[in-house]
Amino acid sequence: MKNRVEQLRKERGLRQEEFARLIRVSRQTVSSIETGRYSPSLELAFTISDFFGLPIEDIFIHERSGSHEKT
């Protein structure tokens with residue numbers, strides 16, 4: 001799942017460590033989310049959404065595979 005977490009964090013002038021502390025996760029979790037290696041739980045996605053004051057769908061972009069698209 002693609003996301004805009006890194007972009008939004010940097011726009012606010014936050015380092016990964018600072019952002020992680022503010023949303024109560026590890027820096028490694030923030031790094032993994034930003035690189036797409038880890039998709040956050042729904043609860044964490046809402047926490048991130050609330051932090052940035054944006055809807056989840058403006059932060060996390062779901063990419064549909066071609067086999068599941070409606071015709």
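The values are calculated or read from the model by the stated rules, or taken from the named source; none is laboratory data. Because the structure is a prediction, the values reported are computed rather than measured. Every residue, glycine among them, receives a Cβ derived from its backbone with ideal geometry; neighbour counts consider all protein chains shown. For accessibility, only protein heavy atoms count, side chains too; no ligands or nucleic acids. Shrake-Rupley method; radii C 1.70, N 1.55, O 1.52, S 1.80 Å.
Within the chain, which trypsin sites (Lys or Arg not before Pro) sit in a loop by DSSP and count at most 13 neighbouring Cβ atoms inside 10 Å?
Values: sites: Lys2, Arg4, Arg9, Lys10, Arg12, Arg15, Arg21, Arg24, Arg27, Arg37, Arg64, Lys70; in loops: Arg4, Arg12, Arg15, Arg24, Arg37, Arg64, Lys70.
Hits after loop and neighbour filter: Arg12, Arg15, Arg24, Arg37, Arg64, Lys70.
If I compute solvent accessible area with a 1.4 Å probe over the protein chains, what percent of it on the chain is carbon and sulfur?
Answer for the chain is 47 percent, counting heavy atoms of protein chains only.
Just flag the chymotrypsin sites (Phe, Trp or Tyr not before Pro) in the chain sitting in loop per DSSP whose Cβ has no more than 11 other Cβ atoms within 10 Å.
none
Percent of alpha carbon pairs in the chain separated by more than 13 Å?
65 percent
When the dipole is taken about the Cα centre of the chain, and only Lys, Arg (+1) and Asp, Glu (-1) are charged at their Cβ, what size is it in debye, to the nearest 20?
200 debye
Please report the net charge: other residues with Cβ closer than 12 Å to the Cβ of Ser49, K and R +1, D and E -1.
On the way: positive: Arg4; negative: Glu43, Asp50, Glu57, Asp58.
Around Ser49, the charge tally is -3.
Roll a 1.4 Å probe over the protein chains and send me the accessible area per residue for the chain in Å².
72 Å²
Can you give the accessible area of Leu54, probe radius 1.4 Å, in Å² rounded to 10?
50 Å²
By accessible area of protein heavy atoms, probe 1.4 Å, what ranking do Glu18, Glu6 get, highest first? Don't skip to the answer; put the middle values down first.
Values: Glu18 50, Glu6 75 Å².
In descending accessible area the options line up as Glu6, Glu18.
Just how much of Glu34 is accessible, in Å², when a 1.4 Å probe is used and the result is rounded to the nearest 10?
30 Å²
What 222 nm value per residue comes from the helices of the chain, counting each DSSP H run with n ≥ 4 as -39,500 (n - 2.57) and dividing by all residues, nearest 500 deg cm²/dmol?
-14500 deg cm²/dmol
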